[in-house]
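Please read the structure below before turning to the comments.
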Amino acid sequence: MTSRQFYFNRGMIRQNLRQHSWIAAVYLLGLLFALPLQMFLGGNPDTPPQKVKDLFFISGSLPMLFTLSLPVAAGLLLFRYLQHKGAADMAHSLPLRRQHLLTVQLFSGFILLLVPVWLTALAAGVVQSWDGNMFLYSGADVWSWGAIVSVLTLFLFTLTAFVGICLGLTVLQGIVVYILLILPAVLSQMVFYHLSIYLYGFPYQNSMRGIDYWSPFLHMMEITSKPYTWGELGIYAALIVLFVLLSYLLYRKRHVETAGQAMAFTYFNPLFKGGVMLSAMLISGTYFAQMRPGLSGWSFTGFALGAVIGYAGAEMVIRKSWQILNRKLPLRFAGYAVVLGLLLYLPVSPLTGFETRVPAADKVARIYAGSNYQAYTDSQSAPVSNVDYYTIGSPYKGVDPFSSDSAYITNVRKLHEALVQVRPGDGEDRYKVYTGRKLFGYTLVYELKDGHKITRQYNVPQAGFEPELKAVMESPEFKRTEYLLPLLDKPISNIQVSSGVRSVTISDPADIAAFKELLKKEILNMSFEDQTDDAVPLATIRVATEESMKHPYSGYLFEGYNWKPSFHELGAWLEQKGYAEKVKIKADDLLSVEVAKQSGEDVLPKGVNYDPEAHLRFAREKGRSVIVKDKARIDDILKIRRSYSAEKGSYVALLKFKSGNSDFFRLDASEMTPELKGLLP
């Protein structure tokens, strides 16, 4: 008898196929429904067939629903004998070595799962040229789909088999498999949030970019948003090999008596307890810290509560009983609590120097400062194979956000040093930090000469940091990236100027060229006061480049520009060309304006001090509001209206438009005309 006969016992393989062939049948029917059938049911029958570059775009994540369920089911059923005492004794009494038995089970699973995938790929290739197929694709697309689904299928199956060898309960095996598929994204999110709470300046938003795709489960469900690269498939293939090798290694050492126990190997118990306890501590600790920010007592309570719940839950699962109390339990719990407490504390402790680290100027090659860093990085990482056809084009794509200007680097470092020294908002209630203050959410990124990057994120209050902010914000390097000036250097198809009530489109090439130059000049000439002024823009400016208009699936209108009241030269040009008259909001567009003085904090109930409706309602009750319908006075209000904020001594104005819309604004008493003041009570 040859070794091949031992490794591939035909009788056992036939038995597995007869017993579990329904898995292959369901998988095949599901994939046929999710791909070939959708080629005829999807799409618009009144339009020509649509060209696709990826078969996953035909039915979205529908095939992944079957891929996420059937391979796991096959792993649970084929290795279920390990979880039951009688079945385990019978299987291991056969004249087969353990490696032979494992090979048979793995090989049976491969047949049950891969054959449906390959038959579906074959069907997709056969119907490629059939009438009624609403999609155009190539043979390479079919091979790519088949390879991706095959790799993902084997990954899920071998993972389930490996977990089944490590555990002794089928239900726990299934739960742990799906937890592991989601855990990378969830655990990373909790860790990053923990760091953002206790590390001043931690770039939480940038760290969260693309974190969902760290989870195999979430990545598979979002496969149309981020298709798999061959490098990622290579990682999955390596994990398949790793799971198979570990399965052979551990299967040889697994005791038959562990069937029915939670953990098949006792040396996995500490890892299981620590993992469950750490996850519970992060969830509970970050929840309490988020609900009661700035109060360390609540945070400590959350971590302590999570530690108790996590440890108790892990002990109950391992022992399969709620009766876990004994003399050694407190000591063991204390040991885990100390180790995990240090694991959570050390990364956020002053020992790391994270919060105070400001790179020396001679080590910085280039720098970025502003609020759009994530937009720049997202645009650079967009999938090249799909962005031209299926994703919304990014106006930030291809723009280098970094600057090597030495003066700019010096100014940004001074701002960073001031923030590190003062630490505004650190340790305070975030609702108090964000309320009543003018903040700038800026990201500072240093690109060092050795190739490393240092990234920080801060909410910079305007009050107290005016000199540092002024030096940075008035720099041409800051304006270039913050207002995306390189976009104005591209060929532009049209420019839309809209006030929300009426709009006009500039399409004449000469007018577009003049408008671009004037807008760029106005932005570069903006002072710090112009950029921080909360006067309501006269209109928003939307720019459509010729490049974006060539692709109907990726066209965009960039809305990052405003016609500010301080743009006098641009305003004069718009007046001269007659565009301003077609855009500006006029008194005739409004029904009325209701004006009232904002009440002090001691008058309104706590929590509604920043609600404009509450101020106006209180004024109505006291008879202190006035409704303005005079066109001249409405024109005066339109000229001085500002973005709403609850500043003491100012006025709240409710503008009601004839279109049915309404909006709140703020009026400053110092800017009101005598005629307007005379109307107020």
Asp141 being part of a helix (DSSP H, G or I) and of a type in the set (Asp, Glu) | yes
In region 314-340, anything surrounded by fewer than 16 Cβ atoms within 10 Å (Cβ to Cβ) and part of a helix (DSSP H, G or I) is listed as Met316, Arg319, Leu329, Pro330, Leu331, Arg332, Ala334, Gly335, Val338, Val339
Residue hits (region 27-61; among the small types (Gly, Ala, Ser) and in a helix (DSSP H, G or I)) are Gly30, Ala34, Ser59
Checked pairs for region 312-332, first over 15 Å from Ala264 (Cα atoms), second assigned to a helix (DSSP H, G or I), C-beta under 8 Å and 6 or more apart or across chains, list as Gly313/Val276; Gly313/Ala280; Trp322/Met316; Ile324/Ala312; Ile324/Glu315; Ile324/Met316; Leu329/Glu315
Just one listed residue, out of Tyr213, Tyr236, Tyr200, is outside any loop (DSSP other than H, G, I, E, B), in contact with a Lys or Arg (Cβ under 8 Å, 6 or more places away or on another chain), surrounded by 15 or more Cβ atoms within 10 Å (Cβ to Cβ) and not hydrophobic (A, V, I, L, M, F, W, C), and it is Tyr213
Of those in region 621-673 that are basic (Lys, Arg), surrounded by fewer than 19 Cβ atoms within 10 Å (Cβ to Cβ) and within 43 Å of the chain's Cα centre (by Cα), the residue nearest to Val593 (Cα to Cα) is Lys656
If you go through region 444-465 one residue at a time, do you hit one that is in contact with a Ser or Thr (Cβ under 8 Å, 6 or more places away or on another chain), surrounded by fewer than 18 Cβ atoms within 10 Å (Cβ to Cβ) and in contact (Cβ under 8 Å) with a residue 40 or more places away in the chain?
yes
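For every residue, the table says whether it meets (1) small (Gly, Ala, Ser); (2) part of a helix (DSSP H, G or I); (3) under 30 Å from Pro293 (Cα atoms).
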residue: Tyr408; (1), (2), (3): no, yes, no
residue: Phe440; (1), (2), (3): no, no, yes
residue: Thr481; (1), (2), (3): no, yes, no
residue: Gln496; (1), (2), (3): no, no, no
residue: Asp511; (1), (2), (3): no, yes, no
residue: Lys516; (1), (2), (3): no, yes, no
Counting only helices (runs of 4 or more DSSP H) wholly inside region 574-680, the ones holding at least 2 residues that are under 16 Å from Val536 (Cα atoms) and acidic (Asp, Glu) are 631-640
For region 42-61, pairs from a residue that is on the phi > 0 side of the Ramachandran plot to a residue that is at pLDDT 80 or above and assigned to a loop (DSSP other than H, G, I, E, B), with Cβ under 6 Å and 6 or more apart or across chains, are Gly43/Met134; Gly60/Thr224
Residue hits (region 206-254; of a type in the set (A, V, I, L, M), within 30 Å of Ile454 (Cβ to Cβ) and in contact (Cβ under 8 Å) with a residue 12 or more places away in the chain) are Met208, Ile211, Leu218
Expected single match for among the aliphatic types (A, V, I, L, M), at pLDDT 90 or above and surrounded by 14 or more Cβ atoms within 10 Å (Cβ to Cβ) among Val420, Val387 is Val420
Requested in this report: Scan region 14-27 and give yes if some residue there is closer than 28 Å to Ser225 by Cβ, assigned by TED's automatic domain parsing to the domain that holds Val126 and modelled with pLDDT of 75 or more, otherwise no.
Outcome: yes
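Residues are listed down the side, and each one gets a yes or a no for (1) in contact with a Phe, Trp or Tyr (Cβ under 9 Å, 6 or more places away or on another chain); (2) in the same structural domain as Asp511 (by TED's automatic domain parsing); (3) farther than 30 Å from Thr505 by Cβ:
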position	(1), (2), (3)
Tyr579	yes, yes, no
Glu594	no, no, yes
Glu613	yes, no, yes
Val628	no, no, yes
Asp635	no, no, no
Glu647	no, no, yes
Ser650	no, no, yes
Ser670	no, no, yes
Of the candidates Ile492, Ile512, Ile506, Ile523, the one satisfying the condition of being among the hydrophobic types (A, V, I, L, M, F, W, C) and out of contact with any helix residue (DSSP H, G or I) (no Cβ under 7 Å at 6 or more places or on another chain) is Ile512
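Residues are listed down the side, and each one gets a yes or a no for (1) at pLDDT 90 or above; (2) under 24 Å from the mean Cα position of the chain (by Cα):
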| site | (1), (2) |
| --- | --- |
| Met134 | no, no |
| Ser144 | yes, no |
| Thr158 | yes, no |
| Ala161 | yes, no |
| Gly164 | yes, no |
| Leu169 | no, no |
| Ala185 | yes, yes |
* To do: With respect to Ala34, determine if the residue is under 22 Å from Val244 (Cβ atoms) and modelled with pLDDT of 90 or more.
  => no
If you go through Leu114, Leu96, Leu78, the only one that is in contact (Cβ under 8 Å) with a residue 40 or more places away in the chain and either outside the structural domain of Leu28 (by TED's automatic domain parsing) or crowded, with 21+ Cβ neighbours inside 10 Å (or both) is Leu78
Across (1) closer than 30 Å to Ala87 by Cα; (2) not in a helix (DSSP H, G or I), Asp131 clears everything bar (1)
Looking across region 503-519 at residues that are within 34 Å of the chain's Cα centre (by Cα) and crowded, with 17+ Cβ neighbours inside 10 Å, the single one that is nearest to Glu477 (Cα to Cα) is Leu519
Out of (1) among the small types (Gly, Ala, Ser); (2) more than 39 Å from the chain's Cα centre (by Cα); (3) modelled with pLDDT under 90, the one Ser108 does not meet is (3)
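The values are calculated or read from the model by the stated rules, or taken from the named source; none is laboratory data. On a predicted model such as this, the values are computed, not experimentally measured, just so you know. Note that we place each Cβ from the backbone using ideal geometry, even for glycine, and neighbour counts take in every protein chain shown.
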